[in-house]
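Novice: Handing you a structure now.
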Amino acid sequence: MKKAISNIIILLIYLTPFFGINEVCTFLLIESPLPIIYYKAPKEGLLVILLILASIYHIKNGIPRHIFFVLLCLLSFTVIVFIFSSGNLFTAVAGLRWSLPFFTSILLIGLIDLNLLRRLALAMSIFICFNFFTQIYEMYNMPAIRGFNQFGLSGRVSGFFSNASMAGVVACFTFFLVRYFAAFGSKAKLFIYLICIASVFLSMSSTGIAVLILLLVSPLFLKSSHKLAWILGTIPVGLALFLNLDLLSGRQEGSSDISFSTRIDIFLRQFTNVELISSRFGEATNTAVNLNKNLFSNGDAYISDSLFTSMLTNYGLIFFIGFLIILFMLVMYVLKKEKDDLTVFFVMSLLCSIPLIIVEIYPVNLIISVMIAYYTTPQLVKKRRVFYPTSPINQYS
């Protein structure tokens, strides 16, 4: 069963171009050969199958007790907010779709090994090449709906993705996988690095550029014995980059400031009206916003543009506080481990979660789930107390 789960994960990556055909057709003003549901339904179906197989695996083989407790809490909380959601059914279902990566991260624990990560790095390398060449084609043939780049061609092109930020973030996560887990040679790695860097700059994504700088600088910082000097030197450089982010990303002057302040305003507004346990499950999701455009969702769905804001709205204050506590514990764990790839993965995931609902960015949400499971699994091997859900009496070994 572990092999089947691994194959589904890799298949999902290789099918990513198919899932994004409708977006490419839309940008190039070409009529899509099939309705959008034919491109999206297979992905959702495979993700559900992945969850089912992982659940069956743990039912048969047992699951560490504390992980079972976390899974039970997450499931119970999700069911409660789903039932008491004041929105319509489509909005609540959008909330379920938004929550799936949280369950995937837990259920994949014990199922991810280094060999799978090497296959994942290869699959993402092949995909990023396809996406890069699609971006090139869009740059020359797509209407400049997002403005022009420095060459006077269509700017902020995103390939198989609906927006530029998604394309930039996917390129960065591909860069990460190739650096730390790819099994091919240095020349092949360098080629993929250059493709990823070019893809980020074609997307002109502010988030992508920030994460890319992190990826390029992190090896020097982590290996340095003068980390404090690095931090002090990074502050003015980081400030200079932030003040010139519009120039780097090819946006109009002031766009980044407006984008940042808008996200802050949205979060503060939602925090002011937050409920202890949310009755608005699914409203702060991109899925609900898209459904709302087609009159399926209610009019309360909104663009939150942040994992933190979406979690606050969809789950409520109690869950949000619990999430912040877990996040603090993870910071302590990462600092204690002093593992370069873990540190980089944690920081880049956190950075991407601030301006984006990262659990709705495919295939990054799948990659993050896989990586969380991979980094968590070694700790569970040492803890032998295992719960068997199928047993009539709780058994521990």
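Novice: Return the pair list, or none, for Cβ contacts closer than 6 Å from residues in the stretch 36-48 that are in contact (Cβ under 8 Å) with a residue 60 or more places away in the chain to residues that are surrounded by 13 or more Cβ atoms within 10 Å (Cβ to Cβ) and part of a helix (DSSP H, G or I), at least 6 apart or on different chains.
Specialist: K43/F19
Novice: Pairs, please: C-beta under 8 Å, at least 6 apart or cross-chain, first residue touching a residue at least 24 places away in the same chain (Cβ under 8 Å) and in the stretch 346-363, second open to solvent by 20 Å² or more (accessible area, probe 1.4 Å) and in a loop (DSSP other than H, G, I, E, B)?
Specialist: If the second residue must be open to solvent by 20 Å² or more (accessible area, probe 1.4 Å) and in a loop (DSSP other than H, G, I, E, B), the pairs left are P355/D305; L356/D305; I357/D305.
Novice: Further question: Of everything in the stretch 178-218, what is under 22 Å from S158 (Cα atoms), of a type in the set (G, A, S) and at pLDDT 90 or above? Give them in sequence order.
Specialist: A198, S199, S203, G208
Novice: For the stretch 334-341, state whether one or more residues are out of contact with any Leu (no Cβ under 8 Å at 6 or more places or on another chain), closer than 20 Å to I213 by Cα and either at pLDDT 90 or above or not charged (D, E, K, R) (or both). Break it down stepwise before answering.
Specialist: So in the stretch 334-341, the residues out of contact with any Leu (no Cβ under 8 Å at 6 or more places or on another chain) come out as 335-339, 341.
From the residues that got through so far, the ones that are closer than 20 Å to I213 by Cα too are 339, 341.
Those still in the list that are either at pLDDT 90 or above or not charged (D, E, K, R) (or both) too: 341.
Yes, the stretch 334-341 contains a residue that is out of contact with any Leu (no Cβ under 8 Å at 6 or more places or on another chain), closer than 20 Å to I213 by Cα and either at pLDDT 90 or above or not charged (D, E, K, R) (or both).
Novice: With respect to the numbered conditions (1) at pLDDT 90 or above; (2) closer than 25 Å to E338 by Cβ; (3) not small (G, A, S), which one is the sole condition not fulfilled by F221?
Specialist: The number of the failed condition is (1).
For every residue, the table says whether it meets (1) surrounded by fewer than 16 Cβ atoms within 10 Å (Cβ to Cβ); (2) in contact (Cβ under 8 Å) with a residue 24 or more places away in the chain; (3) within 30 Å of K293 (Cβ to Cβ).
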| residue | (1), (2), (3) |
| --- | --- |
| K3 | yes, no, no |
| S6 | no, yes, no |
| T16 | no, yes, yes |
| E31 | yes, no, yes |
| I56 | yes, yes, no |
| H66 | yes, yes, no |
| V79 | yes, no, yes |
| S99 | no, yes, yes |
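Novice: Among the residues of the stretch 300-315, are any outside any helix (DSSP H, G or I), open to solvent by less than 20 Å² (accessible area, probe 1.4 Å), closer than 30 Å to F221 by Cβ and at pLDDT 85 or above? Before you say what the answer is, go through the steps one by one.
Specialist: Here is the first cut: in the stretch 300-315, the residues outside any helix (DSSP H, G or I) are 300-306.
Pick out the ones that are also open to solvent by less than 20 Å² (accessible area, probe 1.4 Å) and you get 301, 304, 306.
Now narrow it down to the ones that are closer than 30 Å to F221 by Cβ: 306.
Subsequent filtering for residues that are at pLDDT 85 or above retains 306.
Yes, that holds for at least one residue.
Novice: Right, next: Among the numbered criteria (1) out of contact with any helix residue (DSSP H, G or I) (no Cβ under 7 Å at 6 or more places or on another chain); (2) more than 30 Å from T376 (Cβ to Cβ), which single criterion is violated by N115?
Specialist: Unmet condition: (2).
Novice: Is it the case, given these coordinates, that G155 is in contact with a strand residue (DSSP E or B) (Cβ under 8 Å, 6 or more places away or on another chain), touching a residue at least 24 places away in the same chain (Cβ under 8 Å) and among the small types (G, A, S)? Walk me through it before giving the result.
Specialist: Numbers: in contact with a strand residue (DSSP E or B) (Cβ under 8 Å, 6 or more places away or on another chain): yes; touching a residue at least 24 places away in the same chain (Cβ under 8 Å): yes; among the small types (G, A, S): yes.
Judged against the criteria, G155 is a match.
Novice: Separate question: Taking only pairs six or more apart or across chains, which ones have beta-carbon atoms under 7 Å, a first residue in the stretch 194-213 that is closer than 18 Å to V344 by Cα and free of Cβ contacts under 8 Å to residues at least 60 places away in the same chain, and a second residue that is of a type in the set (D, E) and buried (at least 20 other Cβ atoms within 10 Å of the Cβ)?
Specialist: none
Novice: Take the stretch 157-200 and flag every residue that is open to solvent by less than 40 Å² (accessible area, probe 1.4 Å) and in a loop (DSSP other than H, G, I, E, B).
Specialist: V157, S158, G159, F160, F161, A182
Novice: Among the residues of the stretch 115-133, are any in a helix (DSSP H, G or I), among the β-branched types (V, I, T) and under 18 Å from the mean Cα position of the chain (by Cα)?
Specialist: If we filter the stretch 115-133 for residues that are in a helix (DSSP H, G or I), which is where we start, we get 115-133.
Filter once more, so that each one left must be among the β-branched types (V, I, T): 126, 128.
Subset that is under 18 Å from the mean Cα position of the chain (by Cα): 128.
Within the stretch 115-133, one or more residues are in a helix (DSSP H, G or I), among the β-branched types (V, I, T) and under 18 Å from the mean Cα position of the chain (by Cα).
Novice: Here's another thing I want to ask about it. Based on this model, can you work out whether I37 counts as of a type outside the set (S, T, N, Q), over 16 Å from V370 (Cα atoms) and either over 21 Å from the mean Cα position of the chain (by Cα) or open to solvent by 80 Å² or more (accessible area, probe 1.4 Å) (or both)? Let's see the steps before the verdict.
Specialist: Numbers: of a type outside the set (S, T, N, Q): yes; over 16 Å from V370 (Cα atoms): yes; either over 21 Å from the mean Cα position of the chain (by Cα) or open to solvent by 80 Å² or more (accessible area, probe 1.4 Å) (or both): yes.
It is true that I37 is of a type outside the set (S, T, N, Q), over 16 Å from V370 (Cα atoms) and either over 21 Å from the mean Cα position of the chain (by Cα) or open to solvent by 80 Å² or more (accessible area, probe 1.4 Å) (or both).
Novice: Somewhere in the stretch 358-368, is a residue in a helix (DSSP H, G or I) and either modelled with pLDDT under 50 or open to solvent by 40 Å² or more (accessible area, probe 1.4 Å) (or both)? Lay out the reasoning, then the answer.
Specialist: We begin by selecting, within the stretch 358-368, every residue in a helix (DSSP H, G or I); these are 358-360, 364-368.
Filter once more, keeping what is either modelled with pLDDT under 50 or open to solvent by 40 Å² or more (accessible area, probe 1.4 Å) (or both): none.
No; the residues of the stretch 358-368 include none that is in a helix (DSSP H, G or I) and either modelled with pLDDT under 50 or open to solvent by 40 Å² or more (accessible area, probe 1.4 Å) (or both).
Novice: Restricting to the stretch 235-289, and then to whatever is more than 20 Å from N163 (Cβ to Cβ), β-branched (V, I, T) and at pLDDT below 80, can you tell me which residue is least open to solvent (accessible area, probe 1.4 Å)?
Specialist: The selected residue is V237.
Novice: Examine the stretch 58-67 for a residue that is within 30 Å of G20 (Cβ to Cβ) and among the basic types (K, R), and state whether such a residue exists.
Specialist: Looking only at the stretch 58-67, we keep the residues that are within 30 Å of G20 (Cβ to Cβ), and these are none.
No, because not a single residue in the stretch 58-67 is within 30 Å of G20 (Cβ to Cβ) and among the basic types (K, R).
Novice: Among the numbered criteria (1) touching a Phe, Trp or Tyr at 6+ places or on another chain (Cβ under 9 Å); (2) surrounded by 24 or more Cβ atoms within 10 Å (Cβ to Cβ), which one does P143 miss?
Specialist: Here P143 clears every test but (2).
The values are calculated or read from the model by the stated rules, or taken from the named source; none is laboratory data. All values reported here derive from a predicted model rather than from experimental measurement. Methodologically, a virtual Cβ is constructed for each residue, glycine included, from the backbone with ideal geometry; neighbour enumeration extends over all protein chains shown. Side chains included, ligands, DNA and RNA excluded: accessible areas come from the protein's heavy atoms. Shrake-Rupley method; radii C 1.70, N 1.55, O 1.52, S 1.80 Å.
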